[in-house]
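Working notes for the structure below.
The values are calculated or read from the model by the stated rules, or taken from the named source; none is laboratory data. What you are looking at is a predicted structure, and each value in this text was computed from that prediction instead of being measured. With ideal geometry, Cβ positions are generated from the backbone for all residues, glycine too; neighbour counts draw on all protein chains shown.
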Amino acid sequence: MINTTNKVDCCGCNACGDICPKDAITFETDIEGFWYPKVDRDKCIDCGLCEKTCPITNKLDNGNYQKPKVVIANHKNIEVRFDSTSGGMFTAFADTIYKENG
Ligand code: SF4
Ligand code: SF4
């Protein structure tokens, strides 16, 4: 199970909380407004999904904070981009998923 004792080991992405099948993970906000996971050990069944999905635990940054592996994209439609706060990729993904009856 996730056990965040050092704040640099958590970016607060919420992936562990989203994937937990027992809703055992809640988030507490620290004094600076950043949230960190807290596991209810009574609910946890030790399935390990939280650790498998955590980008920090799995070093999706390649363990290199100086030169992290990144992917950049934006929507081809300029009107969508202007209506978006981060390049319009959510619209592109959502449109595709809706077209495939997702
Ligand atoms: S090990 Fe499984 S049940 Fe326990 S907190 Fe992680 S995802 Fe939830
Ligand atoms: S998945 Fe990892 S980085 Fe994301 S909130 Fe949970 S512990 Fe933090």
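Between a residue in segment 2-31 that is assigned by TED's automatic domain parsing to the domain that holds C44 and any residue that is within 15 Å of ligand 1 (Cβ to nearest atom) and small (G, A, S), which pairs come within a Cβ distance under 8 Å, given they are 6 or more apart or on different chains? As it stands, the answer is I25/G17; T26/G17; F27/G17, since those pairs meet every condition given.
The single condition from (1) surrounded by fewer than 11 Cβ atoms within 10 Å (Cβ to Cβ); (2) modelled with pLDDT of 90 or more; (3) under 24 Å from S86 (Cβ atoms); (4) of a type outside the set (A, V, I, L, M) that K69 fails is (2). Within segment 27-47, being of a type outside the set (D, E, K, R), out of contact with any Asp or Glu (no Cβ under 7 Å at 6 or more places or on another chain) and more than 8 Å from ligand 1 (Cβ to nearest atom) holds for F27, T29, I31, G33, F34, P37. Here segment 35-60 is the region considered, the condition is being modelled with pLDDT under 90 and of a type in the set (A, V, I, L, M, F, W, C), and the residue that is surrounded by the most Cβ atoms within 10 Å (Cβ to Cβ) is I56. Selection of segment 1-55 for residues being among the charged types (D, E, K, R) and within 12 Å of ligand 2 (Cβ to nearest atom) yields K7, D9, D18, E28, K38, E51, K52.
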